[in-house]
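K.L.:
Sharing a structure with you now.
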Amino acid sequence: MERQGRTLTRCVDMFIPPAAVIYAGTGEKFDPALEVFDVKIPLLQRYWRELLYLSPSLEADLQGLDMQGYMDASAAMLRQRVQTNADDARSISLAVVDWLADDLKAAGVWLTRGTRADRGFQNVVTGRYLCPIFLDYDNKTVREDLLRGTLPFTAGGLPTFLFDLEKFDLGAPWKSLLRGPLIVLAWYHIFDRPYLRERAYKMSLPYTSVARSHGMIQVTIGSILYATTLVHLALSTTTSMHHEHSDVRALHKVLVDFVNDPDNLDIVESLLRWWNRY
């Protein structure tokens, strides 16, 4: 179940409890806490189908399990989700220092590797990327309000790093949404690097890309949002993306709701065509 846990978090939804997806796919309510997910069954069933497409063996792996078996499978997937999130977050947090090197040099500031204490709105470079797209970060009052936390990330639009500014259209911002350069760099950093499969004789040899190891032949919406959320975390001072009330979780929820809104189907299809154009 470890591989399925990694696939679920990286390619489908990084915060959804594995138990809820298993429940939606099998109908086995093996945990009383799953009651709260009944209202999300259609979305969870779609997640289940996406996970099965990427990891076809999951259904057979779960077949014939008793309630304890379902709980053990869910727990194994959850442990792997937490570990994968932590490993990838640490990797992106380090990499973003290199990606922003030119901006940092031009601004005369720096970022410390291994900590996010000097990031967020107190740093003019990360602050500019986090600034809502429709606000003027060069305005001193805006910068002070953002630093004090008196402006939520939704005020004045979504954070600037979500957009490709070279193609940003004020009248149609969704045309460059989720195409920001840092998101693209993060996606390739996570999914296009070699995947090492551990051999029985304790030697690791190149096997395939991480994306292929998850069964991905095309970029998925879940993987885009995964890269996006890890960039958001790397730019901010938030110490944990799992805090329910953090801006990182709040933005992720906004984006999940946006891409799953039937009214935005054409926008999402256009987004996927852009990501899969090569």
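K.L.:
Here are Met77, Met71: which of them is farther than 29 Å from Ser176 by Cβ, crowded, with 19+ Cβ neighbours inside 10 Å and touching a residue at least 40 places away in the same chain (Cβ under 8 Å)?
P.N.:
On inspection, the qualifying residue turns out to be Met77.
K.L.:
Quick check: anything in segment 118-128 within 13 Å of Leu182 (Cβ to Cβ), surrounded by 14 or more Cβ atoms within 10 Å (Cβ to Cβ) and free of Cβ contacts under 8 Å to residues at least 40 places away in the same chain?
P.N.:
Yes: segment 118-128 contains one or more residues that are within 13 Å of Leu182 (Cβ to Cβ), surrounded by 14 or more Cβ atoms within 10 Å (Cβ to Cβ) and free of Cβ contacts under 8 Å to residues at least 40 places away in the same chain.
K.L.:
Hey, another quick one. I'd like the full set of residues that are in contact with a Gly (Cβ under 6 Å, 6 or more places away or on another chain) and not hydrophobic (A, V, I, L, M, F, W, C), limited to segment 60-112.
P.N.:
The answer is Gln80, Arg81.
K.L.:
I'd like to check something: does segment 109-117 contain any residue that is at pLDDT 95 or above, surrounded by fewer than 17 Cβ atoms within 10 Å (Cβ to Cβ) and at negative phi?
P.N.:
Yes: one or more hits.
K.L.:
Another question, then. Applying the selection to segment 245-263, what residues are outside any helix (DSSP H, G or I) and more than 19 Å from Gly120 (Cβ to Cβ)?
P.N.:
Within segment 245-263, Asn260, Asp261 qualify.
K.L.:
Here is a further query. Please return the ranges of helices (runs of 4 or more DSSP H) entirely within segment 1-105 where 2 or more residues are modelled with pLDDT of 90 or more, within 22 Å of Val256 (Cβ to Cβ) and not charged (D, E, K, R).
P.N.:
Passing ranges, in order: 2-7, 18-26, 41-54, 67-99.
K.L.:
Within segment 89-101, is there a residue that is farther than 21 Å from Thr229 by Cβ, within 25 Å of the chain's Cα centre (by Cα) and not polar (S, T, N, Q)?
P.N.:
yes
K.L.:
Give the residues of segment 111-165 that are over 16 Å from Leu255 (Cβ atoms), of a type in the set (A, V, I, L, M, F, W, C) and part of a loop (DSSP other than H, G, I, E, B), sorted by residue number.
P.N.:
Listed by number, the residues that qualify are Leu111, Ala117, Cys131, Phe134, Leu135, Leu151, Ala155.
K.L.:
Taking segment 91-102 only, how many residues are surrounded by fewer than 20 Cβ atoms within 10 Å (Cβ to Cβ) and either closer than 20 Å to Val12 by Cα or in contact (Cβ under 8 Å) with a residue 24 or more places away in the chain (or both)?
P.N.:
Looking only at that region, the number is 3.
K.L.:
Further question: Taking the conditions exactly as written (at pLDDT 95 or above, buried (at least 16 other Cβ atoms within 10 Å of the Cβ) and polar (S, T, N, Q)), does Ser213 satisfy them or not?
P.N.:
No.
K.L.:
From (1) part of a helix (DSSP H, G or I); (2) surrounded by fewer than 18 Cβ atoms within 10 Å (Cβ to Cβ); (3) in contact (Cβ under 8 Å) with a residue 12 or more places away in the chain; (4) more than 19 Å from the chain's Cα centre (by Cα), pick out the condition that doesn't hold for Trp174.
P.N.:
It fails just one condition, (4).
The values are calculated or read from the model by the stated rules, or taken from the named source; none is laboratory data. What you are looking at is a predicted structure, and each value in this text was computed from that prediction instead of being measured. Cβ coordinates were reconstructed from backbone atoms using ideal geometry, including for glycine residues, and neighbour counts include every protein chain displayed.
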